[in-house]
1. With each pseudo-label sitting 7 Å past Cα toward Cβ, what's the D218-A235 distance in nm, one decimal?
2. In the stretch 1-54, what trypsin sites (Lys or Arg not before Pro) fall in a loop by DSSP, with at most 16 other Cβ atoms inside 10 Å?
3. Quick one: net charge around R238, please, counting Lys, Arg +1 and Asp, Glu -1 for every other residue with C-beta under 15 Å from its C-beta.
4. Which helices of the chain meet both criteria: a Cα extent of 15 Å or more along the helical axis and a mean Kyte-Doolittle score no lower than -1.0, with helices taken as whole DSSP H segments?
5. Rule-of-thumb check for the chain: C-alpha Rg over 2.2 N^0.38 Å?
6. Relative contact order of the chain, please, whole-number percent, based on alpha carbon pairs below 8 angstrom and at least 6 residues apart.
7. Give, as ranges by residue number, the residues of the stretch 257-277 whose backbone N falls under 17 Å from the point 7 Å along Cα→Cβ of D228.
8. Once the other residues with Cβ under 9 Å from the Cβ of S119 are scored (Lys, Arg +1; Asp, Glu -1), what is the net sum?
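Values quoted throughout were computed directly from the atomic coordinates according to the rules given, and no laboratory measurement underlies them. In this text, all values refer to a predicted model and were calculated from it rather than measured experimentally. Using ideal geometry, Cβ is built from the backbone for each residue, glycine included, and neighbour counts are taken over all protein chains shown.
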Amino acid sequence: MSRFHSVSWDVSTETLPDAFERYIIGMADLYEVSGVSDHDRLHFYNKTHSALTEAGVLGQGRSVRQTLSRGAATLRRSDLDGLNLLINRKAVVGDADGRDVRGAPGAIQFRDLSRPSASRADLIDVITVLAPRAVAPPSLISKDAHGLVIPPEQPGARLLTAHLTSLIGLSDSLTEAENETAIQAALMIAVRITGLENTIPEPELAALQRTVRRTAADYIERRLNAIDPAIENGAIARAAGVSRATLYRAFDAEGGVNRYTQDRRLHHARRALRRRTGSSPTIADIADQYGFASPTHFSRQFRACFGYSPSDVEPPQVPRDVSMSDGPIRHDILVDWLKVLEARTID
């Protein structure tokens, strides 16, 4: 069964009085929304179309002038991680972890969702690719790429814009494989135009290692979903049908299979922290569930990975008078899809 599907909505306060409030809640895991004028709140609109594929989410959206940010509180609350590549047809200014961001209309911009950022757009008229860290090219989520702007007049930027614009128009009529390949091609173009990566593995080797990583990642996720943290490299290699040496080479770009497994333990533990009611279960209980030697060891590894302590994790806050279980604005669907990809797929 195909995993590809698309979601769309076109709403405004004219037809949905609480459209702005729903938008704020739906965006919460992705970006914090601020800087919307009283006039724009009264006349708020949001039009979105997104294609959900194994390579990530390709989307096009339009909305009012606003600031989109991922500050310390959002990073603690959100368990979304990866790349946001975006092309806004209006000017964008902001900051990316201390790096000044100034994008002319049509510029190619890059954001690492694990790092702080804030962007002010005169108007939201954006094409965007959201790719979980597990499937994003490493160079595009490096420190050098965060906040990078490629001017719209550069030939490579024009090529990428044309490619994504065409893909947006064709995505609903393409097959799952065609959409996935087209997004991967867009990311490869982006790698080339940034100049941050000079070599690309041979296609045959890359395909083999991608298959090994996906199979191994699926095995690791099944064990962690079952809260069975006793994950050994030998068992991972057997599940992937390869030798340990092949397994280790396949995970070189992720810092090794041990590093990848540890990162997944931490992400699952953070998810468990977000689901807590009050202080139950305790941080010590969660550390034990996911195989950490002690609460102290867990806290140290958690802070090293995310930049804050387990006790700082905050559960999502949804006002009682707004229901997100249905309705036309569903950014949560896009975010949930990216989380599933992050858990299930590694490229």
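1. Taking the simple label geometry, D218 and A235 are separated by 1.8 nm.
2. Of the trypsin sites (Lys or Arg not before Pro), the ones in loops of the stretch 1-54 whose Cβ has at most 16 other Cβ atoms within 10 Å are R3.
3. Working: positive: R222, R223, R244; negative: D218, E232.
Local net charge: +1.
4. On the way: long enough: 155-170 (22 Å, 0.92); 176-194 (27 Å, 0.47); 203-225 (32 Å, -0.74); 257-274 (26 Å, -1.69); 295-306 (16 Å, -0.51); 331-344 (20 Å, 0.22).
Qualifying helices: 155-170, 176-194, 203-225, 295-306, 331-344.
5. Working: Rg = 20.3 Å, N = 347, 2.2 N^0.38 = 20.3 Å.
Here the Cα radius of gyration is 1.00 times the empirical estimate.
6. Values: 606 pairs, mean separation 65.8, N = 347.
Contact order relative to length: 19 percent.
7. 265
8. Values: positive: R111, R120; negative: D95.
Neighbourhood net charge equals +1.
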